[in-house]
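Only one structure is covered here, and it is reproduced in the block below.
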Amino acid sequence: MDQLLVAVATTRDRAAFRELFDYFAPRIKSFLMRQGLDAQAAEDVVQEAMVRVWQKAHQYDPAKARASTWMFTIARNLRVDFLRKSKRPEPNVDDPALVPDTQPGGFALTAQAQDAARLQAALADLPNEQRVVLELSFFEEKPHPEIAEHLGIPLGTVKSRIRLALKRVRSELGEDE
Amino acid sequence: MTITHHPSEELLLDYAGGGLSESWSLAIATHLALCPACRREVAGLEAVGGGLVDVLEPAACSDGMFDAVLARLTDDDAASVTVASPPSVPPAAAPILPEPLRGYIGADLDGMAWQRLGLGAYQYLIETDDGATARLLRIPAGRPVPEHTHQGQELTLVLRGAFSDATGHYGAGDFQEADEHLAHKPHAAPGEDCICLAITDAPLRFKSLAARVVQPFLGI
Ligand SMILES: [Zn+2]
């Protein structure tokens, strides 16, 4: 997938774009329907997401993120500014006031997380209750008190399940705390 | 810049997941500009989000959808990428305020129009869309901020100078999360004025009667 995205950026490769579409469009649709969108509305937003992929492919850096991670950020940002009509400010890497990352291999930590097979295995191995709170945090943008209400469990339990889930994913990926 | 106080993992997760509204995101994003360690942390959380996208159950798409997308593509799209964030101000020398904060203010520290709060303190209100209040606060060196409690959450990011309270010492880049249970008495460190970005989701409530009388005038 990463190389397909690079091909779209560098050679405007429509065949590669088709493959990306076939993989991601049904997943992004699923992602959006988890937010309560009906199938038609979800497809409208998926179309918008795929157009953005075409427009912004040149911003993708395979050394920094997997294509799925980049797609996740596209879908997340669409949800914020297209559905919620809000803003999600971000740091600007070209800003002279940004403090640069001097740690050699600054992305080594995420390089581990770029191992798709290990990451997916780690997520699949999570106890169901931990995976559910993680999915709610990422896909349904529910604040933690709402997740607690939704699941009928105390807020402290939501927080500890999230912590446990992230800790477990990290240790499965061999990251140091 | 040595940062010892970082946002909680929970707050970084909410930022990575897109669940934070504009004011809170502004505080996190500005900390990220100053803190490479938290940038790596957020990149790692986004990678987890990417992993969850991979394992999502795909929902079948309608037949005509790819063609509809194709019809909207042009080969030179890449050249016309628009940025939705507030217009950035080109820095004169090395700016002190990082993006995205500088763009929200439209100036660096030396070009700001501060609003006097009394007691030697100043504020600058930042426009956001979420009902929370985002502001820069400037507390004179060595002076206390009146003791107060919060009805809601408060995030504070130090940009220049430092402050201390019962929970510790906060220098440039440090990040504090406080909730309604914390009655703290921040005190600006001597040396230079303490300038911080403060986000509150309810008006601050000062504890002493004198401070309560003065509060409406302070507007905080
Ligand atoms: Zn940090």
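The values are calculated or read from the model by the stated rules, or taken from the named source; none is laboratory data. Predicted model, so just to flag it, every value in this text is computed and none were measured. Please note: Cβ atoms are built from the backbone with ideal geometry, for glycine as well, and neighbour counts cover all protein chains shown.
Looking for something within 7 Å of chain A (Cβ to nearest Cβ), at pLDDT below 95 and in a helix (DSSP H, G or I) - is there at least one such residue anywhere in region B:89-97? Among the residues of region B:89-97, not one is within 7 Å of chain A (Cβ to nearest Cβ), at pLDDT below 95 and in a helix (DSSP H, G or I), which makes the answer no. Evaluation of residue A:177 against the conditions (1) assigned to a helix (DSSP H, G or I); (2) modelled with pLDDT under 85 shows that the sole unmet condition is (1).
Entry remark, region A:66-86: residues being within 15 Å of the chain's Cα centre (by Cα) and either at the interface with chain B (Cβ under 7 Å from one of its Cβ atoms) or free of Cβ contacts under 8 Å to residues at least 12 places away in the same chain (or both) number 10 in total. Inside region B:49-69, residues that are free of Cβ contacts under 8 Å to residues at least 24 places away in the same chain and part of a helix (DSSP H, G or I) make up a count of 10. Residue count for region A:7-58, restricted to those that are polar (S, T, N, Q) and in contact with a Lys or Arg (Cβ under 9 Å, 6 or more places away or on another chain): 2. Name the residue that is nearest to the other protein chains (Cβ to nearest Cβ), counting only residues in region B:13-31 that are within 21 Å of residue B:162 (Cα to Cα) and within 14 Å of the ligand (Cβ to nearest atom). The extreme case among them is B:29. Residues in region A:22-49 that are in a helix (DSSP H, G or I), of a type in the set (A, V, I, L, M, F, W, C) and more than 14 Å from residue A:70 (Cα to Cα): A:31, A:32, A:33, A:39, A:41, A:42, A:45, A:46.
The condition (being closer than 18 Å to residue A:130 by Cα and buried (at least 24 other Cβ atoms within 10 Å of the Cβ)) is satisfied by just one residue among B:49, B:18: B:49.
Take the residues of region B:32-57 that are touching a Gly at 6+ places or on another chain (Cβ under 7 Å) and within 16 Å of the ligand (Cβ to nearest atom): which is nearest to residue B:16 (Cα to Cα)? Among them, the one singled out is B:40. Selection over region B:173-188 of residues that are at pLDDT 95 or above and outside any strand (DSSP E or B) gives a count of 2.
Evaluation of residue B:10 against the conditions (1) within 13 Å of the ligand (Cβ to nearest atom); (2) over 24 Å from residue A:53 (Cα atoms); (3) free of Cβ contacts under 8 Å to residues at least 60 places away in the same chain shows that the sole unmet condition is (1). Part of a loop (DSSP other than H, G, I, E, B), at pLDDT below 95, in the same structural domain as residue A:76 (by TED's automatic domain parsing) and within 23 Å of residue B:43 (Cβ to Cβ) - does that describe any residue in region A:50-61? Yes, that holds for at least one residue.
In summary, residue B:67 fulfils each of the numbered conditions (1) of a type in the set (Asp, Glu); (2) under 30 Å from residue A:33 (Cα atoms); (3) modelled with pLDDT of 70 or more; (4) surrounded by 14 or more Cβ atoms within 10 Å (Cβ to Cβ) with the single exception of condition (4).
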